[in-house]
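Heads up: the structure comes next, in structure tokens.
The values are calculated or read from the model by the stated rules, or taken from the named source; none is laboratory data. This one's a predicted model, so the numbers in the text were calculated from it and none came from an experiment. Backbone-built Cβ (ideal geometry, glycine too); neighbour counts: all protein chains shown. Side chains included, ligands, DNA and RNA excluded: accessible areas come from the protein's heavy atoms. Shrake-Rupley method; radii C 1.70, N 1.55, O 1.52, S 1.80 Å.
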Amino acid sequence: MVDDDESIRLSVGALIRSLGYAAHAFASAEAFLNSPEASAADCLITDVQMPGLSGIDLQKALVARGGAPPVIFITAFPQERIRRQAMEGGALTFLSKPCDGDLLVRSIEEALSARA
């Protein structure tokens, strides 16, 4: 989970753990890219607009490294141009904040089943 909003990191992390999965939270794309989890993640949930690298930039960086895990974007600014860019880059889904918990759970399950 990559989001500059601590409350989102905490709530989404708690949701992921409640499903029985491990969750790692990062306040920036740079922190995630510099962590061991960047090459080990089975699914990535990221905000779009963050200080430093954006979620779109993060997705591009992971693809440039040889492949990104399934990416779920969540954003408070659901612009069609950005959504299209994310989806063309291979995103699994693009959700608006506040996002529906059931839809997020379904997206996580889809992402993890795609990696299995």
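Check Ala31 against each of (1) touching a strand residue (DSSP E or B) at 6+ places or on another chain (Cβ under 7 Å); (2) in a helix (DSSP H, G or I); (3) open to solvent by 40 Å² or more (accessible area, probe 1.4 Å) and name the one condition it does not meet.
(1)
Given (1) more than 16 Å from Asp5 (Cβ to Cβ); (2) touching a Pro at 6+ places or on another chain (Cβ under 7 Å); (3) not basic (Lys, Arg), where does Thr93 come up short, assuming only one miss?
Thr93 satisfies all of (1) more than 16 Å from Asp5 (Cβ to Cβ); (2) touching a Pro at 6+ places or on another chain (Cβ under 7 Å); (3) not basic (Lys, Arg) except (2).
Restricting to the range 38-55, what's the tally of residues that are outside any loop (DSSP other than H, G, I, E, B), in contact with a strand residue (DSSP E or B) (Cβ under 8 Å, 6 or more places away or on another chain) and either closer than 20 Å to Glu109 by Cβ or free of Cβ contacts under 8 Å to residues at least 40 places away in the same chain (or both)?
Within the range 38-55, the subset outside any loop (DSSP other than H, G, I, E, B) is 38-39, 44-47, 55.
Pick out the ones that are also in contact with a strand residue (DSSP E or B) (Cβ under 8 Å, 6 or more places away or on another chain) and you get 44-47, 55.
From the residues that got through so far, the ones that are either closer than 20 Å to Glu109 by Cβ or free of Cβ contacts under 8 Å to residues at least 40 places away in the same chain (or both) too are 44-46.
Going through the range 38-55 one residue at a time, the tally reaches 3.
Quick check: anything in the range 64-80 in contact with a Ser or Thr (Cβ under 7 Å, 6 or more places away or on another chain) and farther than 14 Å from Ala111 by Cα? Write out each step before concluding.
Applying the first criterion (in contact with a Ser or Thr (Cβ under 7 Å, 6 or more places away or on another chain)) to the range 64-80 yields 71-73, 75, 78.
Narrowing further to those that are farther than 14 Å from Ala111 by Cα: 75, 78.
Yes, there is a match, as at least one residue in the range 64-80 is in contact with a Ser or Thr (Cβ under 7 Å, 6 or more places away or on another chain) and farther than 14 Å from Ala111 by Cα.
Just the residues that are touching an Asp or Glu at 6+ places or on another chain (Cβ under 8 Å) and surrounded by 15 or more Cβ atoms within 10 Å (Cβ to Cβ), please, taken from the range 94-116.
Matches in the range 94-116: Ala111, Leu112.
Residue-wise test of (1) part of a helix (DSSP H, G or I); (2) under 14 Å from the mean Cα position of the chain (by Cα).
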position	(1), (2)
Ile8	yes, yes
Ile16	yes, yes
Ala23	no, yes
Gln59	yes, yes
Ile72	no, yes
Gly90	no, yes
Leu95	no, yes
Glu110	yes, yes
Ala114	yes, no
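Check Val63, Val71 and return the single one that is out of contact with any Pro (no Cβ under 9 Å at 6 or more places or on another chain), of a type in the set (Val, Ile, Thr) and open to solvent by 50 Å² or more (accessible area, probe 1.4 Å). Spell out the reasoning first.
Working: Val71 fails: open to solvent by 50 Å² or more (accessible area, probe 1.4 Å).
Val63 is the lone residue from the list that is out of contact with any Pro (no Cβ under 9 Å at 6 or more places or on another chain), of a type in the set (Val, Ile, Thr) and open to solvent by 50 Å² or more (accessible area, probe 1.4 Å).
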